[in-house]
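A short worksheet on the structure shown next.
The values are calculated or read from the model by the stated rules, or taken from the named source; none is laboratory data. This is a predicted model, so every value here is computed, not measured. Note that each Cβ is placed from the backbone with ideal geometry, even for glycine, and that neighbours are counted across all protein chains shown.
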Amino acid sequence: MKTDYPQSGIINLFANAGIIICLLMTTILSVGFVKETEAETSVMSSNQMQIEANYVTKEEKIEAVRLAANENLEKGIEKIKAEEAARIKAEEERKAQIVYDGLTLDELSAKLERSLNSTLSGQGYFFASYSVELGLDPYLALAITLHETGCKWNCSTLVRQCYNVGGMKGSPGCNGGSYKAFNSLSEGIKAYLDNLYYNYYSIGLTTPETIGPKYAASKTWSTQINKYINEIRAK
């Protein structure tokens, strides 16, 4: 038996089928979206946790570096203090040693200082320490200075204006003369003691008698120097 469906019934049938299909698709898409969203949320949570973990790790590293730096700084300070203490101890031991004529360096400096006046006042330690370092007789070195420059009383213009403490000649000249000018008193004293050592002592000229013929024209020079030596030693 043939059944004829009305046209409107067929249309309704297809319409209902379309609605069902749309509902199914919507459900499928919704499930997929939820899963995708959950996955993204999971990834974001994981990333956030990693970021927080990295942040904590970074903070810990910074703190570790800071602590290490402080520790190194403290060690450096302690090392400097230890080195300074060792230097002071060594200096004290050096000063306590007998350096010349039964005297310590401080005692020798004080003895030389008692013969120094005018511009050379206060230079006893320099004369003592550098003479001992070079191996010079400090009494002899100072005696020549006193004789050549008059610093037993009032130093000459050569010392006061040009810092020449040994009557050395050379350039630049003091006030345009033949005697050498120096930039400072310490430079002048050092140059004089170097000259005495390298040009006299090192070649065996170690007494006023052997130094005199080369150092000065006066035949009584060595006698005068010996007189100054005796005065220095007696003070």
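Looking at residue 193, is it surrounded by 20 or more Cβ atoms within 10 Å (Cβ to Cβ) and closer than 25 Å to residue 103 by Cα? Yes, satisfied. All of 198, 125 fail the test of being more than 21 Å from residue 91 (Cβ to Cβ) and among the aromatic types (Phe, Trp, Tyr), apart from 198.
Exactly one residue out of 154, 164 is among the polar types (S, T, N, Q), modelled with pLDDT of 95 or more and not in a helix (DSSP H, G or I), and it is 164.
Can you confirm whether region 155-176 contains a residue that is among the basic types (Lys, Arg), surrounded by 14 or more Cβ atoms within 10 Å (Cβ to Cβ) and over 23 Å from residue 107 (Cβ atoms)? Yes, that holds for at least one residue.
For the residues 135, 124, 204, the requirement of being modelled with pLDDT of 95 or more, buried (at least 19 other Cβ atoms within 10 Å of the Cβ) and of a type in the set (Gly, Ala, Ser) singles out 124. Checking 179, 197 one by one, the residue that is among the aromatic types (Phe, Trp, Tyr) and at pLDDT 95 or above is 197 and no other.
Checking each residue in region 167-187 for being of a type outside the set (S, T, N, Q) and assigned to a loop (DSSP other than H, G, I, E, B) picks out 167, 168, 170, 172, 177, 181, 182. Could you check, for region 171-182, whether at least one of its residues is in contact (Cβ under 8 Å) with a residue 12 or more places away in the chain and small (Gly, Ala, Ser)? For region 171-182, residues in contact (Cβ under 8 Å) with a residue 12 or more places away in the chain and small (Gly, Ala, Ser): present.
Taken over region 96-152, residues that are more than 33 Å from the chain's Cα centre (by Cα), farther than 22 Å from residue 211 by Cα and of a type in the set (Val, Ile, Thr) amount to 0.
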